[in-house]
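This report concerns only the one structure given below.
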Amino acid sequence: MKLRPRARRAHAVSRQIAGWCLQYPDEAVLGKLGLLRACLDESTGPGHDELRRTVAYLEQGDPGELASHYIEVFDRKPRRTLHLSWFLDGDTRRRGETLASLRRFYRAHGFAPAENELPDFLPVILEFAAAAGADAGGQVLARFHPALELLHRNLSTMDTPYRDAVAAVLATLPAVPAPIPAAPSAELVGLDPFPTGAGGGR
C-alpha cells in the first residue's frame with residue numbers, strides 16, 4: 001500500500017533525523033541538535049518518541065563521553081556495525097558486489113555520497129532514503145531490513161540510546177520484516193544483491 005504524501009514526508013523526516021543521530025557525534029552533528037529537536041517538535045512521524053530520546057541524550061551528554069560511547073558501541077564489535085551489508089554478506093567478495101550494486105543504484109537516482117563513506121553506511125542509506133522518491137528509498141531500506149532488525153537486536157543487549165534511533169528507522173518500514181539472518185561468517189553468505197539493472201548503467 002502506497003503512503004499518502006503527508007505520511008511520506010513524515011517518514012522522510014524521521015529517516016533524516018535518525019541518520020544525523022547515528023553519525024559520529026562531532027561538532028557538525030552536535031551543532032544540528034537544535035534543528036533536529038525543532039523538526040521533532042513539528043513532527044508526529046514514526047519513531048518520534050525514540051528519536052526524541054536519542055536527541056535528548058546527545059544534547060545532554062558531554063562531547064568526550066558521547067564520542068567514547070559511540071566508538072564503544074559501533075567501532076569495536078562487527079555485530080553492531082553501521083555498515084549494513086556486513087550482516088548479509090559477511091567479510092566476503094559478495095559484500096563487494098553488494099557495495100558496487102548499491103553505488104550504481106545511487107548514481108541512477110542522482111545521489112552521490114561522500115567519497116570517504118561506504119554506500120552501506122546506515123546514515124548514508126538514510127540520507128538517500130530521505131531525499132529519494134518513496135519507491136527508491138523504500139527499495140534500499142527493504143533490501144537492508146533484515147540487517148536493521150539484527151542490528152537493533154544486538155544493540156538491545158547493551159545500554160545505549162542508539163537502539164532507539166535504529167528502532168525509529170524500523171518504525172518507518174512495514175511491520176512484517178524479512179527473515180533475520182544469522183551472524184555472517186567468512187563464507188559466501190547473504191541475500192541476493194540488487195539486480196544488475198537496478199543501478200541503471202555501468
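Among residues of the range 92-106 that are farther than 12 Å from D120 by Cβ, those with a beta-carbon under 9 Å from a residue that is open to solvent by less than 20 Å² (accessible area, probe 1.4 Å) and modelled with pLDDT of 90 or more at least six positions away or on a different chain give the pairs R94/S85.
Note on the range 97-141: residues that are in contact with a strand residue (DSSP E or B) (Cβ under 7 Å, 6 or more places away or on another chain) and of a type in the set (A, V, I, L, M, F, W, C) amount to 2. Pairing residues of the range 71-82 that are touching a residue at least 60 places away in the same chain (Cβ under 8 Å) with residues that are outside any helix (DSSP H, G or I) and surrounded by 14 or more Cβ atoms within 10 Å (Cβ to Cβ), at Cβ distances under 8 Å and at least 6 apart in sequence or on separate chains, gives V73/T160; F74/T81; F74/L82; L82/L22; L82/F121. In the range 15-44, the residues that are without any contact (Cβ under 8 Å) to a residue 40 or more places away in the chain reach residues that are in a loop (DSSP other than H, G, I, E, B) with C-beta atoms within less than 6 angstrom, at least six apart or across chains, in these pairs: V29/Q23.
The values are calculated or read from the model by the stated rules, or taken from the named source; none is laboratory data. Remember, predicted model here, so these are calculated numbers, not experimental data. So basically every Cβ, Gly included, is an ideal-geometry build from the backbone, and we count neighbours across all protein chains shown. Heavy atoms of the whole protein, side chains included, go into the accessibility calculation; ligands, DNA and RNA do not. Shrake-Rupley method; radii C 1.70, N 1.55, O 1.52, S 1.80 Å.
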